[in-house]
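Q: Can you keep this structure in mind? I'll have questions shortly.
What follows is calculated from the coordinates using simple rules that are stated; it is not laboratory data. Worth saying up front: this structure is predicted, and the values here are computed from it rather than measured. Glycine gets a Cβ as well: all are built from the backbone with ideal geometry, and neighbour counts include every protein chain shown.
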Amino acid sequence: MTRKLKTYQTSLGFYDLAIAAPSMKAALETWGAGSNLFHQGVAKESSDPEVIAATMSKPGVVLRRPVGSDAPFSEHPDLPTQLADDEPRHRPKRAAARPKERVPPNTSEAASKAIIAFEDEQRRRENQRRKEETVRKKQRERREQAIGKAQAALAKAEREHVERVTKIEAERDALERKSQAENARWAEQKDQLERALRRASE
C-alpha cells in the first residue's frame, strides 16, 4: 500500500527547511542531516496548511525561507536580512490576512501522484549524484595518469643520469690508470736517458 506524504520542517543555518516526504527518515536523508533532528526537537511534522500546500506541490524538493520568518517557502528564497537571534522573541501576530488556501484532501489518487513525484525527485537527485561521481572519478583517473606519467619520466631520467655518471667515472678511472702508466714509463725512460748522458760526459 502506498504511503501518503507528510510535510516536515526544521531549521538549518540561515534557513527554515520544509519537505514533503513519506517518512522522517526520508526527510532527514534529503536534508543531509547528520543526526536525528526529530529526536533533538529541532524538526517536526508541519500542520501549517500553507507549508503543506507548498511542499505537496513539489514532493521531495527541499523548500527554504529565511530562518524565523513568515515568508512563503520556495526553492530559491532571498538571503536572510537578519539572523533569527536578532529578531524579537515575541513577534507581533500578523494582521488578519487572506484566508489560507485549503489543502486538498489526500485521497488515494492524490497520494499516489505525490509519492510518484517524490520518487521521481529522489531518482533525479540520485542520477545527479551518479553523474557528479562519474565526473569526479574521471578527474581522479586523469590526475592519477598524469602523476604516473610524471613519476615514470622522473624514474627514466634518474636511470639515465646514473648510467651517465657511471660511464664518466669508468672513463675517469681508465684515464687515471693511463696517466699513472705514462708517468711510470716516463720515469723509467728518463732514468735511462740520464744514465746515458752521464756516461757520455765521462
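Q: Compare the Cα positions of Ala71, Leu37, Met24 along the charge dipole of the stretch 1-77 (+1 at Cβ of Lys, Arg; -1 at Cβ of Asp, Glu; about the Cα centre) and return the one farthest towards the positive end.
A: Result: Met24.
Q: List the residues whose amide H sits under 5 Å from the amide H of Leu12, counting only those 5 or more places along or on another chain, with H placed 1.01 Å from N in the peptide plane.
A: Leu17
Q: Among residues other than Lys137 whose Cβ falls under 14 Å from its Cβ, what is the net charge (Lys/Arg +1, Asp/Glu -1)? Don't skip to the end; give the middle numbers.
A: Working: positive: Arg129, Arg130, Lys131, Arg136, Lys138, Arg140, Arg142, Arg143; negative: Glu132, Glu133, Glu141, Glu144.
Charge balance near Lys137 sits at +4.
Q: Return the sequence-ordered ³J(HN,Hα) values of the stretch 194-199 in whole Hz as given by the Karplus equation 6.51 cos²θ - 1.76 cosθ + 1.60 applied to θ = phi - 60°, using x for Gly and Pro.
A: 5, 5, 5, 5, 5, 5
Q: Applying the Karplus parametrisation 6.51 cos²θ - 1.76 cosθ + 1.60 with θ = phi - 60° to the phi angles of the stretch 181-188, what ³J(HN,Hα) value in whole Hz is obtained for each residue in order, glycine and proline being reported as x?
A: Here the 3J(HN,Hα) series is 5, 5, 5, 5, 5, 5, 4, 5 Hz.
Q: Measure up Lys4/Lys137; Lys25/Lys113; Lys58/Lys131; Lys6/Lys138; Lys25/Lys137 against 31 Å on the Cα-Cα distance and list the ones that go over.
A: Lys4/Lys137; Lys6/Lys138
Q: May I pose another question? Using a ≥ b ≥ c from the Cα gyration tensor of the stretch 140-202 (square roots of the eigenvalues), is it rounded, prolate or oblate, where a/c under 1.5 gives rounded and otherwise the larger of a/b and b/c decides, a/b for prolate?
A: Numbers: a/c = 16.19, a/b = 11.99, b/c = 1.35.
Judged from the Cα gyration tensor, the stretch 140-202 comes out prolate (a/c at least 1.5, a/b above b/c).
Q: List the aspartates and glutamates whose Cα sits under 17 Å from the Cα of Lys190, skipping any in the same chain fewer than 8 residues away.
A: Here the aspartates and glutamates satisfying the reach criterion relative to Lys190 are Glu182.
Q: Which ³J(HN,Hα) values in Hz, rounded to whole numbers, follow from the phi angles of the stretch 7-13 under the Karplus curve 6.51 cos²θ - 1.76 cosθ + 1.60, where θ = phi - 60° and Gly and Pro get x?
A: Computed from phi, the couplings for the stretch 7-13 are 9, 10, 10, 7, 10, 9, x Hz.
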